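**Q** Starting off with a structure, shown below.
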Ligand code: ADP
């Protein structure tokens, strides 16, 4: 990853209003729940009720057992799925439809295989009808920051799994959204790649200060990346504990350097054991 320099900082953090820093959005959810197929013969209570209070520029992870409703939470917060109950507010405005000021990264990179890396990223510009020169400049900087500079004209099949996920992150951020929603983005990557990409994401977040809601199964990833970790119970998931992660940034590759890291990790293991998620 290239060293952070002031001009890059300004360019990556600027909004449409010239050099104004595009601060991250606040995300508030009050008593949200989701019942899939609510009006059908087989309604399924998948989530909640839960409350969320994510501050502008904060990095918050949701961790919980498979099927507890983490992805559902992300869909409700983005407006892609309607809530069955409760309310979501982004920047203090109630969410009534999918928001555009968002970048989403899924576990599957979802890149179009007939488009090059840069063409995949610039899809955002084409769909949203944004200024091409400006977004190209931003895309170039994101490629640099994400360590994929030089791969712009490669097709997804020519890239490693880690590089494809880096392209997905660039695509999610190229239009300068105020929040980034990430659903197990590194779940399919090997451990070494995960550690590196975790660091690169942290550096990019430190530079841009987008609000991030990050879903993971990995205790190490949640503690390694977050300001706060929200621990969820089994389906229908509720938030059973909030853990503030008070570790200096940027955090090292080997998180075990911090004795506090083990304490945070142990606390999460204990919660899952108590909930019966682990049956040891
Ligand atoms: P997680 O991300 O924690 O693994 P999900 O939010 O994906 O959990 O799913 C929570 C539960 O809701 C699961 O049991 C899943 O099968 C169910 N579910 C998810 N999407 C739908 C849907 N569209 N219709 C019905 N059930 C769904």
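**Q** Using only Cα atoms and rounding to the nearest 10 degrees, what angle (0 to 90) does helix 259-275 make with the longest principal axis of the chain?
**A** 50
**Q** Would you kindly calculate the translational diffusion coefficient of region 102-176, applying Stokes-Einstein with the Kirkwood radius from alpha carbon pairs, for 37 °C and a viscosity of 0.692 mPa s, and quote it in µm² s⁻¹ without decimals? Mind dumping the intermediate values first?
**A** Values: Rh = 11.9 Å.
Answer from the Stokes-Einstein relation: 276 µm²/s.
**Q** Rg and Dmax of region 211-277 over Cα atoms: what are they, in angstrom?
**A** Here Rg and the maximum Cα pair distance are 12.0, 36 Å.
**Q** I'd like the orientation of helix 132-145 relative to the chain: the angle between its Cα long axis and the longest Cα principal axis, in ° from 0 to 90, rounded to 10.
**A** It is inclined by approximately 70 degrees.
**Q** Kirkwood Rh over Cα pairs of region 56-162 into Stokes-Einstein at 25 °C, 0.890 mPa s: D in µm²/s?
**A** 149
**Q** Can I ask one more? Tell me, how many Å apart are the Cα centres for region 167-199 and for region 39-79?
**A** Their Cα centres are 19 Å away from one another.
**Q** Quick one: in the chain, what % of C-alpha pairs are over 34 Å apart?
**A** Cα-Cα pairs in the chain separated by more than 34 Å: 18 percent.
**Q** Run the helix sum for the chain: -39,500 (n - 2.57) per DSSP H stretch of 4+ residues, divided by residue count, reported at 222 nm to the nearest 500 deg cm²/dmol.
**A** -10500 deg cm²/dmol
**Q** Same structure, new question: Sorted by packing (mean other beta-carbon atoms within 10 Å per residue), highest first, where do 39-45, 67-73, 90-96 land?
**A** Packing proxy ranking, top to bottom: 67-73, 90-96, 39-45.
**Q** Sticking with this one: Output the 0 to 90 degree angle, nearest 10, between the alpha-carbon long axis of helix 161-173 and the longest principal axis computed from the alpha carbons of the chain.
**A** On a 0 to 90 degree scale, this one is about 80.
**Q** Can you figure out the FRET efficiency of residue 206 with residue 35, using R₀ = 35 Å and their beta-carbon distance, to the nearest 0.05?
**A** Efficiency, rounded to the nearest 0.05: 0.35.
**Q** Computed on alpha carbon atoms, what radius of gyration and Dmax characterise region 113-244, expressed in Å?
**A** That works out to 15.8, 47 Å for Rg and Dmax.
**Q** May I pose another question? Which value results for Rg/Rh of region 31-102 when Rg is the Cα radius of gyration and Rh the Kirkwood radius based on the inverse mean 1/r?
**A** Dividing the radius of gyration by the Kirkwood radius yields 0.97.
**Q** Another question, if that's okay. How many angstrom lie between the C-alpha centres of region 228-280 and region 87-129?
**A** Here the two parts' Cα centres lie 29 Å apart.
**Q** Which value does Rg/Rh take for region 103-145 over its C-alpha atoms, Rh per Kirkwood?
**A** Details: Rg = 10.7 Å, Rh = 11.2 Å.
Rounded to two decimals, Rg/Rh equals 0.96.
**Q** Then there's this: Percent antiparallel among DSSP beta bridges with both residues in the chain, to the nearest 5?
**A** If we restrict to bridges inside the chain, about 50 percent are antiparallel.
**Q** Moving on. Among 202, 152, 257, whose mean-square fluctuation peaks in a Gaussian network model of the chain (Cα, cutoff 10 Å)?
**A** 257
A short reminder: the numbers here are calculations on the coordinates, not readings from a lab. Computed from a predicted structure; not experimentally measured. So basically every Cβ, Gly included, is an ideal-geometry build from the backbone, and we count neighbours across all protein chains shown.
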